[in-house]
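Comments concern the structure below.
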Amino acid sequence: MVRRVICVLAGGVGAARLLAGLVRVVPPAEITVVGNVGDDLVLHGLHISPDLDTITYTLADQVDPDRGWGLRDETWQAMDMVGRYGGVAWFNLGDRDLGTHLYRTHRLSEGATLSEVTAEVVAAWELGFRLLPVTDDPIRTRVTVVDPDAEREVGFQEWFVQRRHDVAVRALRFAGVEEASPAPGVLEAILEADAVVVAPSNPLVSIGPLLAVAGVEDAVRSVRDKVVAVSPIVAGAALKGPADQLMTDLGHEATVVGVARLYADLAGTLVIDEADAALVGAVEAEGMRALATPTVMSTPDVAAELGRTLLGAVDVAP
Ligand code: FO1
């Protein structure tokens, strides 16, 4: 039997929750995830890939359910030590989580690529799906924030975690993206997919860096009829994180219609929450088919049902 390919373009927490549902309706071996690395950072000399880890830990059923990132039953003794010395302690790395970063950093120092290390980590958790960083090259999301006196460019996590994304944003850029090429298998996964799912991740800072890597946006556009996106905006607000505020700050409408304008070229269908059912017509006026259904993944059952709806939208039988 020819194995199907379900390709998921993914950020962090929202994508991870969707994937936890999807693996209940299709065999994990059929799923290839293309993950965001614009949020990556080097801290304490360690390479940290938050979105790749959030996906891995969630599918391993090891994620902390309240935070949505990091590991459950975590302890923080290493961070306490860093704090004692006056080191960088605003980005919280749990003791168990640190093991992942130690392993990744060591393997990279040996010359392994980020895709190779990521495959090793996923295999160690026996997850059975493929997780590809969009690129093996370093790309870093940089955020221009408006301080009371001046504009300043900071790293993604300085904006997101250190400043609690509680500051107006003037601009975004993905440093290094001009030199980045897609990781092995990324373009093939998109071009050969039976379905491409754009997860309910932040369109600007989670999906944006994926599309900015050479060839990725063109590949997605070329299979537009097989692409189904899920809106991360429900009733005018982001379920988690700052997608709504960021869209507003950068001149986009923070509604499903604003999401449709960002994705209309790339995806044939936009799945929106039932709370936005009244906006089906407005989304379709942007040139996409709209489907209204429960998208708030409060339980794995809802996530699985959403997974079924997404596959059905592009005529793939679960
Ligand atoms: N998010 C926070 O709000 N505070 C943190 O201290 C924090 C630490 C952290 C460590 C490892 C990791 O994989 C994720 C972590 N996150 C933290 C989440 C992360 O900033 C976000 O999930 C994203 O990068 C946005 O997708």
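In the set (1) in contact (Cβ under 8 Å) with a residue 12 or more places away in the chain; (2) under 27 Å from ALA175 (Cβ atoms), the condition left unmet by SER109 is number (1). Residue check: ILE207 meets all listed conditions (1) over 29 Å from VAL26 (Cβ atoms); (2) in contact with a Ser or Thr (Cβ under 6 Å, 6 or more places away or on another chain) but one, namely (1). Within region 65-73, is there a residue that is surrounded by fewer than 15 Cβ atoms within 10 Å (Cβ to Cβ), on the phi < 0 side of the Ramachandran plot and not charged (D, E, K, R)? Checked against the condition, which is being surrounded by fewer than 15 Cβ atoms within 10 Å (Cβ to Cβ), on the phi < 0 side of the Ramachandran plot and not charged (D, E, K, R), region 65-73 yields at least one hit. Going by what's in this entry, would PRO203 be described as within 16 Å of the ligand (Cβ to nearest atom) and buried (at least 16 other Cβ atoms within 10 Å of the Cβ)? Yes, satisfied.
Evaluating GLY281 against the criteria (1) closer than 30 Å to GLU179 by Cα; (2) more than 21 Å from the chain's Cα centre (by Cα) leaves one unmet condition, (1).
Annotation: GLY128 fulfils all but one of (1) surrounded by 20 or more Cβ atoms within 10 Å (Cβ to Cβ); (2) within 25 Å of LEU108 (Cβ to Cβ); (3) touching a helix residue (DSSP H, G or I) at 6+ places or on another chain (Cβ under 8 Å); the unmet one is (1). Of all residues in region 90-118, those being surrounded by fewer than 16 Cβ atoms within 10 Å (Cβ to Cβ) and small (Gly, Ala, Ser) number 3.
Would you point out which residue out of ASP39, ASP53 is farther than 30 Å from GLY312 by Cβ, touching a Phe, Trp or Tyr at 6+ places or on another chain (Cβ under 7 Å) and near the ligand (Cβ under 10 Å from one of its atoms)?
Exactly one of ASP39, ASP53 is farther than 30 Å from GLY312 by Cβ, touching a Phe, Trp or Tyr at 6+ places or on another chain (Cβ under 7 Å) and near the ligand (Cβ under 10 Å from one of its atoms), namely ASP39.
Here ASP265 does not fit the description of being in contact (Cβ under 8 Å) with a residue 60 or more places away in the chain and among the acidic types (Asp, Glu).
Hey, does region 162-182 have a residue that's within 13 Å of the ligand (Cβ to nearest atom), farther than 22 Å from GLY258 by Cβ, surrounded by 15 or more Cβ atoms within 10 Å (Cβ to Cβ) and of a type outside the set (Asp, Glu)? Yes: region 162-182 contains one or more residues that are within 13 Å of the ligand (Cβ to nearest atom), farther than 22 Å from GLY258 by Cβ, surrounded by 15 or more Cβ atoms within 10 Å (Cβ to Cβ) and of a type outside the set (Asp, Glu).
Would you call THR32 among the polar types (S, T, N, Q), loosely packed, with under 14 Cβ neighbours inside 10 Å and more than 10 Å from the ligand (Cβ to nearest atom)?
When the stated conditions are applied, THR32 does not pass them.
Taking strands (runs of 3 or more DSSP E) as the structural unit, those lying wholly within region 112-167 and holding at least 2 residues that are charged (D, E, K, R) and free of Cβ contacts under 8 Å to residues at least 60 places away in the same chain correspond to 151-155. Can you find even one residue in region 70-86 that is closer than 23 Å to LEU132 by Cα and assigned by TED's automatic domain parsing to the domain that holds GLY208? Checked region 70-86: at least one residue is closer than 23 Å to LEU132 by Cα and assigned by TED's automatic domain parsing to the domain that holds GLY208. Taking the conditions (1) surrounded by fewer than 16 Cβ atoms within 10 Å (Cβ to Cβ); (2) over 19 Å from MET247 (Cα atoms) in turn, ILE139 satisfies each one other than (1). Of the helices (runs of 4 or more DSSP H) lying entirely inside region 229-318, those containing at least 2 residues that are more than 25 Å from VAL5 (Cα to Cα) are 243-249, 256-263, 280-284.
The values are calculated or read from the model by the stated rules, or taken from the named source; none is laboratory data. All of these numbers come straight from a predicted model, not from anything done at the bench. Backbone-built Cβ (ideal geometry, glycine too); neighbour counts: all protein chains shown.
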